[in-house]
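Below is one structure, written out as structure tokens; the observations come after it.
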Amino acid sequence: MTVDERMAAARRRRKDPPLCHCGVHATLVVPPRGGSPSGRPKYSPFFRCSIKTMDGWPVCHFNEYVQDPRSVWPSDEEVRAYEAGQAPWSCMKYPEKRCKCGILAERGVVPSELGYGWYCGNGNAFWEGRACDWEWFSGRDELVARFRRLGQRDKERETRELMDKIRNKYDVPLPDDVLLAHDTLIKYWRLNRILYPRPLSRYERAEKRRKLEEERHLER
């Protein structure tokens, strides 16, 4: 392909971009010019998938130079059959799984060993050198929701056990959960503070220490 043919193909494809593997028009990536405005581009313009994931990476790995022929070029009959609902889109293809790093994910037992699915592909067979902790397997969302429910249940149980321990140790009533807030709690404490243990003063601590020493001396 000569320079004139490449320029003509580039102009033609700019007006009518190719379709990526997802079936949508690709986006043209124009390179920056190095040094000065009159400098040469750092690389050739190319088309890539215009749909992006949540992390900003293209959904499919479609890549074509601006002057190259299309990888997906459906005929007029295929387009009419698709628009009439008689046939699926000719270039329909599921995008490959990618981790948060934007690279193709590996398939197998996930590092957490909770299932069989996909995990970060930037590592060796022993999961060493992984760039992120992303993983996905069937039923993962339900499992995470279950762990969260169990964690909240354990937290409530620990709080309940702590309140029961305080009741049994000091033999004092604890306010209900609705009272544990701001002015209501302060008012409750003022009305019932005689029931709560008060920290000893310096004189009281010295007196208590003196009594303990006397008891030990009498025991001898």
What does the extension gain come out to for Val24 and Ala10, with contour length at 0.36 nm per residue minus their alpha carbon separation?
3.2 nm
State the extension gain, in nm to one decimal, for the chain segment bounded by Thr53 and Lys165, taking 0.36 nm per residue of separation less the distance between their alpha-carbons.
35.3 nm
What's the extension gain from Asp154 to Tyr65 if we count 0.36 nm per residue and subtract their Cα-Cα distance?
26.3 nm
Quick one: Tyr203, Tyr119, fewest Cβ neighbours within 10 Å first, how do they rank?
Tyr203, Tyr119
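A short reminder: the numbers here are calculations on the coordinates, not readings from a lab. The model shown is predicted, which means the values in this text are computed figures rather than measured ones. Backbone-built Cβ (ideal geometry, glycine too); neighbour counts: all protein chains shown.
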